[in-house]
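The values are calculated or read from the model by the stated rules, or taken from the named source; none is laboratory data. Bear in mind that the values here come from a model prediction, so they are computed numbers and not experimental data. FYI the Cβ positions are ideal-geometry reconstructions off the backbone, even for glycines, and counts take in every protein chain you see.
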Amino acid sequence: MEETHRVQRAIIMAAGVGQRMRPLTLTVPKPLIPVRGRRMIDTVIEGLNANGIREIYVVVGHLKEQFADLPIRYRGLSLIENPYYDRCNNISSLYVAREHLGDCIILDGDQIIYNPEILRPEFTLSGYSAVWCEGETREWLMQVENGRVRSCSRTGGSRGWQLYSVSRWTKEDGIRLKRHLEEEFEGGNRQIYWDDVAMFRHFEEYRLGIYPMQPGDVVELDSLEELAEADPAYRDRLPSETKMGSEE
């Protein structure tokens, strides 16, 4: 029987520039964009708090001053500045938060948590929350056997478990991940996703599982078009040709 672990802390990645949501993100960080009246990052933090997780580290970079209200609003939350955010991929955000790895949950701040139950603190293996995908997807797709991740395709596919940006890490794997982050980042490998470190660069050194979700438990909004679909209030921000296509 696998040992049961409990999430002690959370790291929320919120430093990116949100390029695919420009021009909106030129003045508002993507995690702070309201969707139907609630900022995306608030759904993440409130979901964590609902599960008793209050030690939270939010990694900020782009328009970082706009996150200043979070430590005031949420007890136990701290901000960590990522000085590399505008010239490195998101491996830099986990690198600057690496001292807090272990018995942790790592999430993106620019997603919407509709079902807080998927953030429950008890877990066994390190690994990602995932949704079964029968049809085609271009997202990262994992193949799982007997509860263990055996492989992952970064170009998608069909009949697999689609990886979402919610992952849990044991104390032992947190120590391992910290070492691998330092090895990659300090060695100059700064244009990769942090997920590449465990999923591809050092895959054989981890025992990764999955935490099944239902479609709609978490929504990741990657573009202005997807934002407008989730909240019609943003339709007037779409390019004219996109608006015309959506009205047909």
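For this structure, a couple of remarks:
- Consider the range 1-21 and keep the residues that are surrounded by fewer than 12 Cβ atoms within 10 Å (Cβ to Cβ) and of a type in the set (D, E, K, R). The one that is modelled with the highest pLDDT is E3.
- Hits in the range 175-219 (condition: buried (at least 19 other Cβ atoms within 10 Å of the Cβ), within 20 Å of G16 (Cα to Cα) and in contact with a strand residue (DSSP E or B) (Cβ under 7 Å, 6 or more places away or on another chain)): V218
- Selection from the range 1-51 of residues that are small (G, A, S), out of contact with any Lys or Arg (no Cβ under 7 Å at 6 or more places or on another chain) and either free of Cβ contacts under 8 Å to residues at least 40 places away in the same chain or closer than 21 Å to I80 by Cα (or both): A10, A14, A15, G37, G47
- E139 meets each of the listed conditions (1) charged (D, E, K, R); (2) closer than 20 Å to I106 by Cα; (3) at pLDDT 95 or above apart from (3).
- Residue tally, condition among the basic types (K, R), over 11 Å from S126 (Cβ atoms) and in contact (Cβ under 8 Å) with a residue 24 or more places away in the chain, over the range 149-178: 3
- Residue within the range 156-169 that is in contact with a Lys or Arg (Cβ under 8 Å, 6 or more places away or on another chain), modelled with pLDDT under 95, surrounded by fewer than 20 Cβ atoms within 10 Å (Cβ to Cβ) and not charged (D, E, K, R) present: yes
This table checks each residue for (1) closer than 26 Å to S78 by Cβ; (2) part of a strand (DSSP E or B); (3) among the hydrophobic types (A, V, I, L, M, F, W, C).
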{"residue": "G127", "(1), (2), (3)": "yes, yes, no"}
{"residue": "R150", "(1), (2), (3)": "no, yes, no"}
{"residue": "T155", "(1), (2), (3)": "no, no, no"}
{"residue": "Q162", "(1), (2), (3)": "no, yes, no"}
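- Qualifying residue in the range 188-198 (condition: assigned to a strand (DSSP E or B) and in contact with a helix residue (DSSP H, G or I) (Cβ under 7 Å, 6 or more places away or on another chain)): no
- Residue in the range 226-240 that is crowded, with 20+ Cβ neighbours inside 10 Å, part of a helix (DSSP H, G or I) and not aromatic (F, W, Y) present: yes
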